[in-house]
Structures are given as C-alpha cells and as structure tokens.
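> First the structure, then my questions, so here it is.
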Amino acid sequence: MVRTPLTPEERERGERLGRLLREARGPRSMVEIAAAAGLSAETLRKIETGRAPTPAFFTVAALAGALGLSMDDLVARCAPVPRSDAA
C-alpha cells in the first residue's frame, strides 16, 4: 500500500504538535514521559521533531495524559493556520 504524501499543512501541524509537546515536557526527560505514556522514547523523539507528523489518536491521547494537557487544548493549538490568499 502506498502512502499519500502529506500536505504542507499536515507537516506544519505535526511540527506545531511536536513543539507543544516539547514545551509541555519541560525539563522532564523524554524517557520519563515516553514511559508514562506507554511509548518508546524513539516514538516520542520522532513526534517532537516532526518526523512523525501524524501520530495515532491514542498515541497523542497517551502523551496528553502523561503531560497533563487536555485534548481540547491540543486540538486548538495544533489546528491548521488559516492562510490569506493575496490576490
């Protein structure tokens, strides 16, 4: 099965998610947060760096729980940014 290439907007949203998760993690280690979420540190590293821009819902939910973030806040802060079209 061939994966459809991600759009620039999907990549940008993944990068915003990664930045938000890094900020929320603060000084805590990647290993600590990944373990609390039931993930590998490498999976968390890929999400935080944008190399995995479309993680599964339950992965994001587990990270949100481990970091004390609400899913509503994540959605609001990672929503696509409206682009203005210059005519």
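The values are calculated or read from the model by the stated rules, or taken from the named source; none is laboratory data. This one's a predicted model, so the numbers in the text were calculated from it and none came from an experiment. Using ideal geometry, Cβ is built from the backbone for each residue, glycine included, and neighbour counts are taken over all protein chains shown. With ligands, DNA and RNA removed, areas are computed over all heavy atoms of the protein, side chains included. Shrake-Rupley method; radii C 1.70, N 1.55, O 1.52, S 1.80 Å.
> Collect the residues in the stretch 55-69 that are farther than 15 Å from Glu23 by Cβ, open to solvent by 40 Å² or more (accessible area, probe 1.4 Å) and not in a helix (DSSP H, G or I), keeping them in residue-number order.
If the condition is that a residue be farther than 15 Å from Glu23 by Cβ, open to solvent by 40 Å² or more (accessible area, probe 1.4 Å) and not in a helix (DSSP H, G or I), then Ala56 is the only one that fits.
> Within the stretch 1-21, how many residues are over 18 Å from Ala76 (Cα atoms) and part of a helix (DSSP H, G or I)?
1
> Could you give every pair whose Cβ atoms fall below 6 Å, whose first residue belongs to the stretch 56-68 and is within 12 Å of Ala35 (Cα to Cα), and whose second residue is open to solvent by 20 Å² or more (accessible area, probe 1.4 Å) and of a type outside the set (A, V, I, L, M), counting only separations of at least 6 or pairs across chains?
Every condition considered, the pairs that remain are Ala62/Gly38.
> Checking the structure you have, find out if any residue of the stretch 77-84 is open to solvent by 50 Å² or more (accessible area, probe 1.4 Å) and either part of a helix (DSSP H, G or I) or modelled with pLDDT of 90 or more (or both).
yes
> Sticking with this structure for a sec: Is it the case that Ala24 is surrounded by 15 or more Cβ atoms within 10 Å (Cβ to Cβ) and either modelled with pLDDT of 90 or more or not in a helix (DSSP H, G or I) (or both)?
yes
> Shifting gears a bit: Restricting the search to the stretch 40-54, which residues are at pLDDT below 95, assigned to a loop (DSSP other than H, G, I, E, B) and not charged (D, E, K, R)?
Hits for the stretch 40-54 are Gly50, Ala52, Pro53, Thr54.
> Take Glu15 and tell me if it is in contact (Cβ under 8 Å) with a residue 60 or more places away in the chain, of a type outside the set (A, V, I, L, M) and surrounded by 11 or more Cβ atoms within 10 Å (Cβ to Cβ). Reasoning before the result, please.
Working: in contact (Cβ under 8 Å) with a residue 60 or more places away in the chain: no; of a type outside the set (A, V, I, L, M): yes; surrounded by 11 or more Cβ atoms within 10 Å (Cβ to Cβ): yes.
Against the criterion (in contact (Cβ under 8 Å) with a residue 60 or more places away in the chain, of a type outside the set (A, V, I, L, M) and surrounded by 11 or more Cβ atoms within 10 Å (Cβ to Cβ)), Glu15 does not qualify.
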